[in-house]
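Below: the structure, in structure tokens.
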Amino acid sequence: MGLIMGSAAPPVFALDLKAPPLAPLAEDGIHDPKGAAIGALQEPYEAMKDFPKDRRGEVDWVRTLQEGYIKPRKSLTGDPWEEAMPMEMDFDIIMKHTMGMPWVRFPHKPHTQWLACSNCHPKIFIPREGANDISMTKVLRGEYCGRCHDKVAFSLFVCERCHSVPHENSPPAWWK
Ligand code: HEC
Ligand code: HEC
Ligand code: HEC
């Protein structure tokens with residue numbers, strides 16, 4: 001399980017790994033390194049250097065949005081009836097099947113600032129509290145939260161951003 005035992009060295013966990021540095025545009029596998037635009041576009045590390053970062057050094061997009069560093073457009077056309085329009089909604093679901101980990105607080109607000117209800121309901125989550133049989137193994141395999149987290153949303157290695165509600169049986173954070 002990534003844990004080295006039986007030596008004098010302290011246990012080694014993979015959890016405190018820093019996020020890899022941002023690739024320059026010419027090496028990101030998306031932009032054409034020979035294209036004319038490559039010299040004109042701002043490099044990501046330059047564009048994002050003042051954005052708030054999380055514990056792993058990755059951009060914290062929730063704070064970046066809330067603190068006004070960016071103001072993304074809600075749709076391509078601006079038509080309020082466009083399909084899959086985000087509609088902000090502020091309510092949390094607390095998930096308690098977390099064993100010794102703090103409970104998971106699922107907040108609708110930071111999701112619905114970027115996503116439409118139909119991005120999650122009903123295909124990924126039945127919209128009823130407790131109706132989805134979620135587990136960490138499934139999330140790590142890319143189901144439920146793992147459809148986005150570790151892909152287009154923050155990494156699964158920052159446990160505390162999801163497991164944010166301590167309870168009497170959760171020990172102090174060992175994963176930080
Ligand atoms: C993107 C959110 C998210 C992150 C990040 C996350 N978890 Fe979870 N975790 C969940 C959800 C959701 C559940 C299921 C909760 C429920 O069904 O009540 C869960 C459940 C668990 C459980 C309970 C047992 C099980 O298999 O379901 C453990 C233990 C756990 N997580 C450990 C971790 C650790 C350790 C980390 C960091 C390395 C982590 N989690 C990061 C969302 C997350
Ligand atoms: C990022 C995914 C995501 C998005 C986007 C999202 N939800 Fe949810 N929603 C969830 C999850 C996860 C739950 C909890 C399911 C569970 O407990 O198993 C939930 C639960 C619900 C519930 C059930 C509440 C209850 O008390 O039973 C309703 C209603 C709901 N969502 C409506 C919406 C609406 C309306 C929108 C758009 C404004 C929306 N959701 C956007 C993930 C999402
Ligand atoms: C459809 C994609 C999607 C799914 C599915 C999804 N998320 Fe997210 N989540 C996002 C995005 C996008 C953000 C905001 C950008 C970011 O933080 O990377 C976000 C932000 C969050 C935040 C806010 C963190 C903060 O610092 O305020 C939490 C907590 C979170 N997600 C937990 C979960 C949990 C738990 C689940 C599963 C029950 C889940 N998410 C499922 C896309 C998703």
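Bear in mind that the values in this text are calculations on the coordinates, not laboratory data. What you are looking at is a predicted structure, and each value in this text was computed from that prediction instead of being measured. Note that each Cβ is placed from the backbone with ideal geometry, even for glycine, and that neighbours are counted across all protein chains shown.
Consider a paramagnetic label point 7 Å from the Cα of residue 19 along Cα→Cβ; state which residues of the stretch 54-78 have an amide N under 18 Å from it. Once the point is set 7 Å along Cα→Cβ of residue 19, 54-72 turn out to lie under 18 Å by backbone N, inside the stretch 54-78. The lysines whose alpha-carbon is closer than 19 Å to the alpha-carbon of residue 71, local same-chain residues fewer than 8 away aside, are 49, 53, 109. Oblate is the label for the chain, because a/c, from the alpha-carbon gyration tensor with a ≥ b ≥ c as root eigenvalues, is 1.5 or above and a/b does not exceed b/c.
Would you please give the FRET efficiency between residue 138 and residue 69, computed as 1/(1 + (r/R0)^6) with r the Cβ-Cβ distance and R0 = 25 Å, to the nearest 0.05?
Approximately 0.15, to the nearest 0.05.
The stretch between residue 51 and residue 76 holds 6.6 nm of extra length on full extension. This uses 0.36 nm per residue minus the Cα-Cα distance.
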